[in-house]
């Protein structure tokens, strides 16, 4: 079982525990930082079938992968600096690994993005959330920002999502934390399952 230290703790690390062994350090350490072996406020954890561990490194705006027994991780999503481009993350929280596709609750950008980690993608794909809309002075749509998502409570919007679940059908269930609701995304159509609509 992987156990992330609570977000409010001052020891940014991920511990791996088997019931017959004491807790052992898997990633991070006693001082948070931005080096490949360090974490700053780890939040989400996922493991693949090869035993690699993925960690959303929230304050470093990236997702790290640790190959079993490695001393340092490698960045598989994000750049380490906050931003709204599809190659960037801003306060990533929950993660979900479905085969080779890593889904990330990109909380600070109010969106869910996916990255194909096996293909070595250098940018993500927008899965849920709405790109920022650019308007002229008369309120006419000029276009869409491709580098940022705007949070909100509309049908296609999210506000600080913290986690998600991908069903075997491909449907996505999102903890839309800032809106106090659970959103169901199926075939590109979103609906509110719980909380305020």
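Since every read-out is calculated from the coordinates, none of them should be taken as a lab result. Quantities reported herein were computed from a predicted structural model and do not represent experimental measurements. We place every Cβ from the backbone using ideal geometry, glycine too, and count neighbours over all the protein chains shown.
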Segment residue 71-residue 98, length gained on full extension (0.36 nm per residue, minus Cα span) = 7.2 nm
To the nearest 0.05, how large is the calculated FRET efficiency for residue 36 and residue 81 if R₀ is 22 Å and r is the Cβ-Cβ distance?
-> 0.90
